[in-house]
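These notes are about the structure you will find just below.
The values are calculated or read from the model by the stated rules, or taken from the named source; none is laboratory data. In this text the structure is predicted, and so the values were computed from the model without any measurement. Methodologically, a virtual Cβ is constructed for each residue, glycine included, from the backbone with ideal geometry; neighbour enumeration extends over all protein chains shown. These accessible areas exclude ligands, DNA and RNA; they are computed on the full protein's heavy atoms, side chains included. Shrake-Rupley method; radii C 1.70, N 1.55, O 1.52, S 1.80 Å.
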Amino acid sequence: MTGAREQAPGPAMDLTVLYRGPLSSCDYDCPYCPFAKRRDSRELLRADRAALERFAGWAAGNTGDRLSVLFTPWGEGLVRSWYRRALAELSHLPHVRRVAIQTNLSGRTDWTAGADRDTLALWCTYHPGQTPYDRFLGKCHELADAGVRFSVGVVGLPEHLAVARRLRAALPPEVYLWVNAAEGHAYTDPEAADWTGLDPLFPFSRHPHRSAGLPCRTGASVISVDGAGTVRRCHFVKAELGNLYDGSYRAALRPRACPLAVCDCHIGYVHLETLPLYDVFAGGVLERIPAAAPGPARGGLPLVP
């Protein structure tokens, strides 16, 4: 790893970092995604690699904090060697509590053998029509057999329901299958009940959460970082808190209320203090793995927000 390795100023803290670099290319063509089948130029890929290596260097050197890192690229990161390498290397560092990435699982899984499976985790999304069902399911079983922590999910479109049920039945029972409400789709109560039968936590995704003026962990113990090191409280609030690499963000960290009217993305609203999701996902907030048994219609998970 290369990049800044200075010790973080100020007292040690538990810090969660959501990193999103320049990468925006994806090998899938999902109709609900603006980055479908987008190709990044060689120049942009080089810039993304350099930015990621700089960030990984900062994370490796920031031993004054207990870090949790979630990579949330617009595109697919695991088909790029630098993401696989960063995840594996960071997973072995004693001050990194969790390192995870959102992925469509289109790439190979054997690279996870070089990672610490107690620290590494994957947030996997199945996109029907983009990859053969058996291929995706096979990769899930590879991860399970290798002892990798992972969750699996789908976008809750009506045409995805049958295959989501099939996937739930075929996955190991300990693997949580989550459902994201489709953007712009209004669910009837019977439709919502169908999805809740697969994911008892679907009610948290069904409607956007009112967030204006409510306390949120973002900007205090959770930050968003882009490829240039610009720090924001989250991906959805554009106000800058400073820069990661010169340490200027540090003085801006404090409890604060959300300035937006609503929050409708899991990686945002999971941090709202008015929701119980830090308890629900205790130990698995970044990779979206509940602490209780995750299967459908099981006890231990709240069925209503």
How large, in percent, is the carbon and sulfur part of the accessible surface of segment 65-137 at a probe radius of 1.4 Å? 47
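Which FRET efficiency value, to the nearest 0.05, is calculated for His141 and Cys265 with the Förster distance at 25 angstrom and r the Cβ-Cβ distance? Let's see the in-between values first.
Numbers: r = 29 Å, r/R0 = 1.15.
That pair, His141 with Cys265, gives E of 0.30.
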Averaged per residue, what accessible area in Å² does segment 110-176 show with a 1.4 Å probe, protein chains only? 40
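Ignoring ligands, DNA and RNA, what percent of the accessible area of segment 151-207 is carbon or sulfur (1.4 Å)?
Details: 1270 of 2310 Å².
Using a 1.4 Å probe with all protein chains present, segment 151-207 comes out at 55 percent carbon and sulfur.
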Where q = 0.12, 0.17, 0.22, 0.24 Å⁻¹, what log10 of I(q)/I(0) comes from the Debye formula for segment 118-215, counting one point per Cα? -0.43, -0.79, -1.14, -1.27
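Share of Cα-Cα pairs in segment 53-150 beyond 23 Å, in percent?
Details: 1095 of 4753 pairs.
The calculated P(r) of segment 53-150 puts 23 percent of pairs beyond 23 Å.
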Compute the distance from the alpha-carbon center of segment 124-179 to that of segment 57-96, in whole Å. 24
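Between Ala162 and Glu183, what FRET efficiency comes out of the Förster formula 1/(1 + (r/R0)^6) with R0 = 25 Å and r the beta carbon distance, rounded to 0.05? All intermediate terms of the calculation are to be shown ahead of the outcome.
Working: r = 21 Å, r/R0 = 0.84.
Efficiency for this residue pair is about 0.75.
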TM-like helix rule applied to the chain (DSSP H, alpha carbon span at least 27 Å on the long axis, mean Kyte-Doolittle at least -0.5) gives 42-61
For segment 150-181, list residues with backbone N below 18 Å from a point placed 7 Å from the Cα of Tyr133 toward its Cβ? 152-173, 177-179
Taking Rh as the Kirkwood radius, which is the inverse of the mean 1/r over Cα pairs, what is the Rg/Rh value for segment 158-294? 1.03
Plugging the Cβ-Cβ distance of Glu174 and Thr63 into 1/(1 + (r/R0)^6) at R0 = 41 Å yields, to the nearest 0.05, a FRET efficiency of 0.80
Where labels lie 7 Å past Cα in the beta-carbon direction, separation of Thr230 and Ala252 in nm: 1.0
Quick one: net charge of Asp116's neighbours, Cβ under 13 Å, K/R +1, D/E -1? +2
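What trypsin sites (Lys or Arg not before Pro) does segment 66-173 have in DSSP loop regions with at most 16 other beta carbons within 10 Å? Display every interim value, and only then the final one.
Values: sites: Arg66, Arg80, Arg84, Arg85, Arg97, Arg98, Arg108, Arg117, Arg135, Lys139, Arg149, Arg165, Arg166, Arg168; in loops: Arg80, Arg108, Arg117.
Qualifying residues, ordered by number: Arg108, Arg117.
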Which value, in Å² and to the nearest 10, is the accessible area of His160 when all protein chains are kept and the probe is 1.4 Å? 10
About its Cα centre, how strong a charge dipole does the chain have in debye, to the nearest 20, once Lys and Arg get +1 and Asp and Glu get -1 at the Cβ? 460
Excluding Leu244 itself, what net charge comes from residues whose Cβ is under 10 Å from its Cβ, given Lys and Arg +1 and Asp and Glu -1? 0
